[in-house]
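Worksheet: one structure, shown below.
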Amino acid sequence: MHRFFAVLLVLVSHACFSGAQTLVVAISDFPPSIDLSDENYGIHGAIVLGALKKSGHPFELKIFSWSRIKQMLNNGEVCSFGWVKNTERLKRWHFSRPYHADVSYLWGRRDNPIQLLELKDALKYRIGVTRGFSYGQKLDALLSTVETDEGFDDTVNLRKLLAGRIDLFPGQALIVEPILTNRFSDQANELEPKITINTLSHHFVCNINDEHGKEVIKAINPLLPNLQIND
């Protein structure tokens, strides 16, 4: 009799797990934070996917462009990670607690004697930005008031900065320094941080109306690093 109920419990548990909704998690390449060539999918992948696995919620990883992922998030089709908060996204997405943070700077050439006492001082210079990227609510608001030079990715913008086609570029140290070392090793020392922008924290996100996504975020929050950051 006990054996019968034990077998029945296993079958019911398996059926419940098998019938659980599979979460679609979409990412793109943004090394070293999210690295499609790495078995752990980069620094962020190791943290977030590890938490998802521990939570027991089934998920499927899919690869799209970042612009496509943003559209799919707005439509409630996927969840994703590696995103920072800004005013627009807070209206549309539900955010996990921050799981990773990195200092961001406005980078410039060492031979360009730019002196910035505060971020708004940068607005009189030519600023390059990466398409679709958020630099935090304060800088995003400032950049919306001026014309910027948009590039496809950080590597393109750093190339323009080194060539003198732009004066400043906002970027995370974790991202900029490896690009300089690997792509522009002969010129890496030509750039320097001109002013600190902020400490950008990164989040796992789902559409604000995605109830299953909210449930998963609630489950993984205790499994993510406990960063003491107010963002």
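Just to be sure I understand, how many residues within segment 16-49 are under 24 Å from Lys214 (Cβ atoms), assigned to a helix (DSSP H, G or I) and either touching a Ser or Thr at 6+ places or on another chain (Cβ under 7 Å) or touching a residue at least 40 places away in the same chain (Cβ under 8 Å) (or both)?
The total comes to 4.
Any idea which residue in segment 92-148 is farthest from Leu224 (Cα to Cα), counting only those that are of a type in the set (Phe, Trp, Tyr) and modelled with pLDDT of 95 or more? Spell out how you get there, then give the answer.
Taking segment 92-148 first, the residues of a type in the set (Phe, Trp, Tyr) are 93, 95, 99, 105, 107, 125, 133, 135.
Applying the additional criterion that residues be modelled with pLDDT of 95 or more yields 93, 95, 99, 105, 107, 125.
Details: Trp93: 19, Phe95: 13, Tyr99: 6, Tyr105: 26, Trp107: 30, Tyr125: 39 Å.
Looking at residues that are of a type in the set (Phe, Trp, Tyr) and modelled with pLDDT of 95 or more, I get Tyr125.
Taking only pairs six or more apart or across chains, which ones have beta-carbon atoms under 7 Å, a first residue in segment 125-145 that is on the phi > 0 side of the Ramachandran plot, and a second residue that is at pLDDT 95 or above and surrounded by 18 or more Cβ atoms within 10 Å (Cβ to Cβ)?
Listed by first residue and then by second, the contacts come to Gly132/Lys70; Gly136/Ile197.
Would you check which residues across segment 102-132 are of a type outside the set (Val, Ile, Thr), part of a strand (DSSP E or B) and surrounded by 19 or more Cβ atoms within 10 Å (Cβ to Cβ) and list them?
Taking segment 102-132 as the starting set, the residues that turn out to be of a type outside the set (Val, Ile, Thr) are 102, 104-113, 115-126, 128, 131-132.
Add one more test, that the residue is part of a strand (DSSP E or B), and what stays is 102, 104-109, 128.
If the condition is that a residue be of a type outside the set (Val, Ile, Thr), part of a strand (DSSP E or B) and surrounded by 19 or more Cβ atoms within 10 Å (Cβ to Cβ), then Ser104, Tyr105, Leu106, Trp107, Gly108, Arg109, Gly128 are the ones that fit.
Among the residues of segment 146-163, how many are in contact with a Leu (Cβ under 7 Å, 6 or more places away or on another chain) and either outside any helix (DSSP H, G or I) or not assigned by TED's automatic domain parsing to the domain that holds Asn182 (or both)?
Residues flagged as in contact with a Leu (Cβ under 7 Å, 6 or more places away or on another chain) and either outside any helix (DSSP H, G or I) or not assigned by TED's automatic domain parsing to the domain that holds Asn182 (or both) within segment 146-163 amount to 1.
Would you say Trp93 is hydrophobic (A, V, I, L, M, F, W, C) and farther than 24 Å from Leu191 by Cβ? Give the steps one after another, and end with the answer.
Working: hydrophobic (A, V, I, L, M, F, W, C): yes; farther than 24 Å from Leu191 by Cβ: yes.
Here the answer is yes, as Trp93 does meet what is asked.
When residues of segment 85-110 are filtered for being under 18 Å from Thr196 (Cα atoms), among the β-branched types (Val, Ile, Thr) and out of contact with any Ser or Thr (no Cβ under 8 Å at 6 or more places or on another chain), how many remain?
Going through segment 85-110 one residue at a time, the tally reaches 0.
Can you find a residue in segment 51-72 that is surrounded by fewer than 16 Cβ atoms within 10 Å (Cβ to Cβ), aliphatic (A, V, I, L, M), in contact with a strand residue (DSSP E or B) (Cβ under 8 Å, 6 or more places away or on another chain) and assigned by TED's automatic domain parsing to the domain that holds Val24?
Yes, the conditions are met somewhere in segment 51-72.
The values are calculated or read from the model by the stated rules, or taken from the named source; none is laboratory data. The structure displayed is predicted, hence computed values, not measured ones. Positions of Cβ are backbone-derived with ideal geometry, glycine not excepted, and every protein chain shown enters the neighbour counts.
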